[in-house]
Structures are given as structure tokens and as C-alpha cells.
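Enquirer: Before I ask anything, here is the structure I am working with.
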Amino acid sequence: MGKMESIAEMVAAYPNEWLLFVDYEADEMNRPKRGVLVAHSKDRGEIYRQMKKYKGKVGVRFAGKLPKDVEVMFPWEL
């Protein structure tokens, strides 16, 4: 598995892509701050397919700006 890195580093490395990270550390508001990047893709479906390989703390984030009228919720417990 990869190395622990900040979410900001992941976002900078893969702009406008979906990020899948595991074993993440969160702040006091439960926002992911660091994790292990295991996949990235412009195709959200590919991230969902990859997600099936992992258990435990799994995070998905889009590394770009979502339209203002879009709400996103990812309520997974794996």
C-alpha cells in the first residue's frame, strides 16, 4: 500500500479527479486530513469499483470544484 499523505497533496496532484483513500486521519470535525491514496480517476464509477476492495476507513473526494447546486453524501460503513 502507498504512503500516508495529506488530502491537500492528493488534490494538488490529481485536479478534477475522484480520489479514493484509506486509513485516513480526521480532524475534530471528522474531516479527512491525511490518508493513503489507493486510486484516482476522472471516472467516478471506477472509484466505486475500486472501493469494493477495501474495508475499514474509506474516503472518496472529488479534487475540484463541484457546482453550487450539487450536494454530496457518502454514507458508507464497510
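The rows are residues; the columns are (1) closer than 16 Å to residue 72 by Cβ; (2) without any contact (Cβ under 8 Å) to a residue 40 or more places away in the chain.
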residue	(1), (2)
18	yes, no
39	no, yes
51	yes, yes
54	no, yes
57	no, yes
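Enquirer: I'd like the full set of residues that are touching a Gly at 6+ places or on another chain (Cβ under 9 Å), among the polar types (S, T, N, Q) and assigned to a strand (DSSP E or B), limited to region 1-52.
Expert: 6
Enquirer: For region 4-17, which positions are of a type in the set (D, E, K, R) and within 21 Å of residue 30 (Cα to Cα)?
Expert: 5, 9, listed by residue number.
None of the figures in this text is laboratory data; all of them are computed from the coordinates on show. Because the structure is a prediction, the values reported are computed rather than measured. Note that each Cβ is placed from the backbone with ideal geometry, even for glycine, and that neighbours are counted across all protein chains shown.
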